[in-house]
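Below is one structure; the comments refer to it alone.
No value in this document is a laboratory result; all are computed from the given coordinates. If you're wondering where the values come from, they're calculated on a predicted model, not measured in any experiment. Reconstructed Cβ throughout: ideal geometry from the backbone, glycine too, with neighbour counts over all protein chains shown.
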Amino acid sequence: MEIAADSLYKAKLIRGFCHLYDGQEAVAVGMEAAITKKDSIITAYRDHCTFLGRGGTLLEIFSELMGRQGGCSSGKGGSMHFYKKKSGFYGGHGIVGAQVPLGCGLAFAHKYNKDDAVAFALYGDDGMGTAEWRAAKSPSYYKRGDYVPGLKVDGMDAFAVKQACKFAKEHALKSGPIDSSLSLRLPDPGQSEHFTE
Amino acid sequence: MTVRDALNSALDEEMSADPKVFLMGEEVGEYQGAYKISKGLLDKYGPERVLDTPITEAGFTGIGVGAAYHGLKPVIEFMTFNFSMQAIDHIINSAAKSNYMSAGQISVPIVFRGPNGAAAGVGAQHSHCYASWYASCPGLKVLSPYSSEDARGLLKAAIRDPDPVVFLENELLYGETFPVSAEVLDSSFCVPIGKAKIEREGKDVTITAFSKMVGYALKAAEILAKEGISAEVINLRSIRPLDRDTINASVRKTNRLVTVEEGFPQHGVGAEICASVVEESFGYLDAPVERIAGADVPMPYAANLERLAVPQVEDIVRAAKRACYRSVPMAAAA
């Protein structure tokens, strides 16, 4: 799917931004395997496979990328703004870092409603050519904060991701937020995907 | 000279002339600038004067304003002004208001620059125009260049200015080439802040615009000329302070006004211009002021919808004709 999107983008049939998920599929797949659609997910702009994992269809994805009415956001959002509220997917956000406090808000709502569900807020290094050492002070994200415990996970292994998410969900329901750092090995070395919940 | 080269040369010359000037922002150094505006500057001036920052606008904008308090002259680059919202507290509360609140003790000689407004297919969160937002705030100067001459002259003026300046560029104009005279290429060249430029003289209708819309207004003027309507096109250059004298003098000559902007209509730049003209030149108006602005919706992604959401040359032509009573008036609240 993402390779096809890449070709469409190069052919200028997809406009604006197009952030691809290929190489990181284990994250979306592993996460979905460990949670339910009652749990919420929110992410940044690299949302194609997250949307797919939440039950989106290829038709909705490609229609949206190409600006058609049949797209999941009726062509009005584009690559960065996929949503599927029915399945607990809250987007698709363009402003770096915005999804983190929003994710906390989703978690707050889950806690407030006592619905035994959790929120996953995903954030990455924010590549765009910004090398990790330029983008953040400390790349050991999972050690961040005295208040929030952390996990370091191999993000290329879907089973490891699944176990981490299962553990994280149980921890969050019992004790509170947990930060997990998923390392990825992608063509641009040093990128990794993180999530907090 | 392209607008990109105009901005680059202005930055280069001002950094060369004054060691207190430094550039800070995301990707301005090693990457040579997200849009290559700061190409070559890191090599020339070194990492102490060209600083790459992490993705934290609130942080680096605050740092810039603090440095300006102490007498340095920062140029803070926002990758787009959409991201300036993360730092707007520093722009307004820390920078704009300080000179007044300190009774003149603290001056803030800082420039906030970057692309503003719509690009192409980048969606609602990346296409907002902030001209009217910043221009409503006393203590700020807000500039928006159109041509390379504007880009060079206004950026140099902004860097030399002792007050905070918001410098709104346009991504789609960076690659455009404009003729520049020898005077413009001189390193002392400067364009006065607060003075609009009459890009094309006319006598039947005044069209005001800034940034990319100046180009559209000029094209509209060409079309109108063929139909016997002589349009005067004013390139605002300065949104705050607004050159009310030039605008009003023009309207007193033509008696008709069309304001053009890419941003949202409500509380926009056109609304302020209309108010100014009504206050100062009401008796000279022969027709209601026509306001052309972006559609009152978050910017859609689909290409056909985006085209409908942004003013086109035909919209300006139609508005000018309406102001000249050459076509049917538009229904209100369309």
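Angle check, please: helix B:3-17 long axis (alpha carbons) against the longest principal axis of chain B (alpha carbons), in degrees 0 to 90, nearest 10.
For B:3-17 against chain B, the angle is about 40 degrees.
Would you grab the residues whose amide H sits under 5 Å from the one on B:Phe112? Only those 5+ places off in sequence or on another chain, please, with H modelled 1.01 Å from N.
Under 5 Å from the amide H of B:Phe112: B:Ile76, B:Val165, B:Val166, B:Phe167.
Normalise the Cα radius of gyration of the protein assembly as shown by 2.2 N^0.38 Å (N = residues in it) and let me know the number.
Normalised Cα radius of gyration, the protein assembly as shown: 1.06.
Pull out a ≥ b ≥ c, the square roots of the eigenvalues of the alpha-carbon gyration tensor of the range A:67-118, then state rounded if a/c is under 1.5, prolate if not and a/b is larger than b/c, and oblate in the remaining case.
Because a/c hits 1.5 or more and a/b fails to exceed b/c, the range A:67-118 counts as oblate.
Given the DSSP H assignment, sum -39500 (n - 2.57) over each helix run of at least 4 residues in chain B and divide by its residue total; what's the result at 222 nm in deg cm²/dmol, nearest 500?
-10000 deg cm²/dmol
Within 10 Å of each Cβ of B:294-303, how many other protein chain Cβ atoms are there on average?
5
Hey, what did the range B:79-226 get for relative contact order, percent, Cα under 8 Å, at least 6 apart?
24 percent
For chain B, build the convex hull from the C-alpha positions and give me its volume per residue in Å³.
Taking the convex hull of the Cα positions in chain B, it is 132 Å³ per residue.
Please list, in chain and number order, the residues 5+ apart from A:Lys152 or on another chain whose amide H is under 5 Å from its amide H, with Hs placed from the backbone.
A:Ser181
At 0.36 nm per residue, and after removing the present C-alpha to C-alpha distance, how many nm does the segment from A:Lys111 to A:Lys166 gain when stretched out fully?
Computed gain between A:Lys111 and A:Lys166 is 18.0 nm.
Ranking B:Ser211, A:Ser63 by Cβ neighbours within 10 Å, fewest first, what do you get? Intermediate results must be reported in sequence, preceding the final value.
Details: B:Ser211 29, A:Ser63 19.
Ascending Cβ contact count within 10 Å gives the list A:Ser63, B:Ser211.
So, in the range B:140-237, how many Lys pairs have Cα atoms under 15 Å apart, if the pair is 8 or more places apart or on different chains?
Values: B:Lys141/B:Lys156; B:Lys141/B:Lys195; B:Lys156/B:Lys195; B:Lys197/B:Lys212; B:Lys203/B:Lys226.
Value for the range B:140-237: 5.
Per residue of A:67-80, count partner chain C-beta atoms within 10 Å of its C-beta, then hand back the mean as an integer. Write out the running numbers ahead of the final one.
Values: counts 8, 1, 2, 0, 2, 0, 4, 4, 7, 10, 7, 11, 4, 6.
Shielding by partners across A:67-80 averages 5.
Once you keep just the Cα pairs under 8 angstrom separated by 6 or more residues, what percentage relative contact order results for chain B?
Here the relative contact order equals 15 percent.
Connecting C-alpha atoms closer than 10 Å in a GNM of chain B, tell me which of B:Met24, B:Met101, B:Met15 has the biggest fluctuation.
Among B:Met24, B:Met101, B:Met15, the largest GNM mean-square fluctuation belongs to B:Met101.
Can you tell which of B:Ala220, B:Ala275, B:Ala131 shows the greatest fluctuation in a Gaussian network model of chain B with Cα springs below 10 Å?
B:Ala275
Read phi for every residue in the range B:91-99 and hand back ³J(HN,Hα) as whole Hz from Karplus 6.51 cos²θ - 1.76 cosθ + 1.60, θ = phi - 60°, with x for Gly and Pro.
Using θ = phi - 60°, the values come out as 5, 7, 6, 8, 9, 4, 8, 5, 4 Hz.
With chain B treated as a Gaussian network of Cα nodes joined by springs under 10 Å, which of B:Glu306, B:Glu272, B:Glu227 yields the largest mean-square fluctuation?
Looking only at B:Glu306, B:Glu272, B:Glu227, the largest GNM fluctuation is found for B:Glu227.
Output the 0 to 90 degree angle, nearest 10, between the alpha-carbon long axis of helix B:313-323 and the longest principal axis computed from the alpha carbons of chain B.
50 degrees
What are the lysines whose alpha-carbon lies under 30 Å from the alpha-carbon of A:Lys38, with same-chain residues fewer than 8 places away excluded?
In chain and number order, the partners are A:Lys76, A:Lys84, A:Lys85, A:Lys86, A:Lys111, A:Lys114, A:Lys143, A:Lys152, A:Lys162, A:Lys166, A:Lys169, A:Lys174.
Dipole size in debye (nearest 20) for the range B:197-334 around its Cα centre, Lys and Arg Cβ +1, Asp and Glu Cβ -1?
The dipole magnitude comes to about 240 debye.
Roughly what angle does helix B:148-160 make with the longest principal axis of chain B, taking Cα atoms, 0 to 90 degrees, to the nearest 10?
Helix B:148-160 and the main axis of chain B meet at about 50 degrees.
Which residue, B:Leu173, B:Ser281, B:Ala95, has the largest displacement toward the positive end of the dipole of chain B when charges sit on each Cβ (Lys, Arg +1; Asp, Glu -1)?
The residue sitting most towards the positive pole is B:Ser281.
List, in order, the whole-Hz ³J(HN,Hα) value for each residue of the range A:155-172 obtained from phi through the Karplus relation with A = 6.51, B = -1.76, C = 1.60 and θ = phi - 60°; use x for Gly and Pro.
Here the 3J(HN,Hα) series is x, 8, 10, 4, 5, 5, 4, 4, 4, 4, 5, 5, 4, 4, 4, 4, 5, 5 Hz.
Place +1 on the Cβ of every Lys and Arg and -1 on the Cβ of every Asp and Glu in chain B, take the dipole about the Cα centre, and give the residue among B:Ala135, B:Ala17, B:Gln105 whose Cα lies farthest towards its positive end.
Of the candidates, B:Ala135 comes out farthest on the positive side.
About its Cα centre, what dipole magnitude does the range B:1-43 give when the only charges are +1 on Lys and Arg Cβ and -1 on Asp and Glu Cβ, stated in debye to the nearest 20?
Magnitude of the dipole: close to 100 debye.
Once R0 is set to 51 Å, what does the formula 1/(1 + (r/R0)^6) return for the Cβ-Cβ distance between A:Leu173 and B:Ser136, expressed as a FRET efficiency to the nearest 0.05?
Rounded to the nearest 0.05, the efficiency is 0.65.
Size of the dipole of the range A:12-120 about the Cα centre, Lys and Arg at +1 and Asp and Glu at -1 on the beta carbon, nothing else charged, in debye to 20?
For this selection, approximately 360 debye.
Can you compute 3J(HN,Hα) from phi for each residue in the range B:28-37, using the Karplus curve 6.51 cos²θ - 1.76 cosθ + 1.60 with θ = phi - 60°, rounded to whole Hz and x for Gly and Pro?
So the Karplus estimates, Gly and Pro as x, are 6, x, 4, 7, 6, x, 4, 10, 6, 6 Hz.
Taking every DSSP beta bridge with both residues inside the protein assembly as shown, roughly what % is antiparallel (nearest 5)? Mind dumping the intermediate values first?
Details: 16 of 55 bridges.
In the protein assembly as shown, DSSP labels about 30 percent of beta bridges as antiparallel.
Mind checking B:266-278 for the average number of partner chain beta-carbons within 10 Å of each residue's beta-carbon?
0
If amide hydrogens are placed 1.01 Å from N in the peptide plane, which non-local residues have theirs closer than 5 Å to the one on A:Tyr123?
Correct list: A:His194, A:Phe195, A:Thr196.
Along the charge dipole of chain B, Cβ charges K/R +1 and D/E -1, which of B:Ala231, B:Ala196, B:Thr61 sits furthest on the positive end?
B:Ala231
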